[in-house]
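**Student:** Have a look at this one before I ask anything.
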Amino acid sequence: MSIFEIIMLACFGAAWPSSIYTSYTSRTSKGKSIIFLGIVFIGYICGVLHKVYFNFDWVVLLYAINGSMVLCDMGLYFRNLSLDRQMTL
């Protein structure tokens, strides 16, 4: 466990709720990149796997929480993409 790893995850984790809120209230996928979200999600999955296999400690929860917030934002992206398509019809 590293204090720098904890601070990094806490800072990233603090940003996701505002991103989720913006995705939910804007009701558009414009300005979001599903590729970026996917890359970040894969990064969190790799962080969890590293913790599980090589250095298990409670910090794995921070990776899991952050990953779940990215997954939520990805879900909102697809909802908003559907709403965008309905608006263009």
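The values are calculated or read from the model by the stated rules, or taken from the named source; none is laboratory data. Keep in mind that what you see is a predicted model, and the values were worked out from it rather than measured. Don't worry about glycine lacking a Cβ; one is built from the backbone with ideal geometry, like all the others, and counts go over all protein chains shown.
**Student:** Under 8 Å between Cβ atoms, at least 6 apart or on separate chains: pull out the pairs that start in region 8-31 with a residue that is among the aliphatic types (A, V, I, L, M) and end on any residue that is exposed (fewer than 11 other Cβ atoms within 10 Å of the Cβ).
**Tutor:** Note: no pairs meet the criteria.
**Student:** I'd like the full set of residues that are among the basic types (Lys, Arg) and closer than 26 Å to Arg79 by Cβ, limited to region 1-56.
**Tutor:** Across region 1-56, the qualifying residues are Arg27, Lys30, Lys32.
**Student:** Please go through region 56-73 and give me each residue that is free of Cβ contacts under 8 Å to residues at least 24 places away in the same chain and closer than 12 Å to Ile6 by Cβ, ordered by number.
**Tutor:** Looking only at region 56-73, we keep the residues that are free of Cβ contacts under 8 Å to residues at least 24 places away in the same chain, and these are 56, 60-61, 64, 68.
Val60, Leu61 - these are the residues of region 56-73 that are free of Cβ contacts under 8 Å to residues at least 24 places away in the same chain and closer than 12 Å to Ile6 by Cβ.
**Student:** Suppose we keep only residues that are over 23 Å from Gln86 (Cα atoms) and exposed (fewer than 11 other Cβ atoms within 10 Å of the Cβ) within region 2-34. Which one would you say is modelled with the lowest pLDDT?
**Tutor:** So, considering only residues that are over 23 Å from Gln86 (Cα atoms) and exposed (fewer than 11 other Cβ atoms within 10 Å of the Cβ), the one modelled with the lowest pLDDT is Ser2.
**Student:** Going by what's in this entry, would Asp84 be described as more than 17 Å from Ile20 (Cβ to Cβ) and either touching a residue at least 60 places away in the same chain (Cβ under 8 Å) or in contact with a Ser or Thr (Cβ under 8 Å, 6 or more places away or on another chain) (or both)?
**Tutor:** Values: more than 17 Å from Ile20 (Cβ to Cβ): yes; either touching a residue at least 60 places away in the same chain (Cβ under 8 Å) or in contact with a Ser or Thr (Cβ under 8 Å, 6 or more places away or on another chain) (or both): yes.
Yes: the conditions hold for Asp84.
**Student:** Across region 35-46, which residue is farthest from Gln86 (Cα to Cα) among those that are surrounded by 14 or more Cβ atoms within 10 Å (Cβ to Cβ) and touching a residue at least 24 places away in the same chain (Cβ under 8 Å)?
**Tutor:** So, considering only residues that are surrounded by 14 or more Cβ atoms within 10 Å (Cβ to Cβ) and touching a residue at least 24 places away in the same chain (Cβ under 8 Å), the one farthest from Gln86 (Cα to Cα) is Tyr44.
**Student:** Please go through region 43-89 and give me each residue that is aromatic (Phe, Trp, Tyr) and modelled with pLDDT under 95, ordered by number.
**Tutor:** Those that are aromatic (Phe, Trp, Tyr) and modelled with pLDDT under 95: none in region 43-89.
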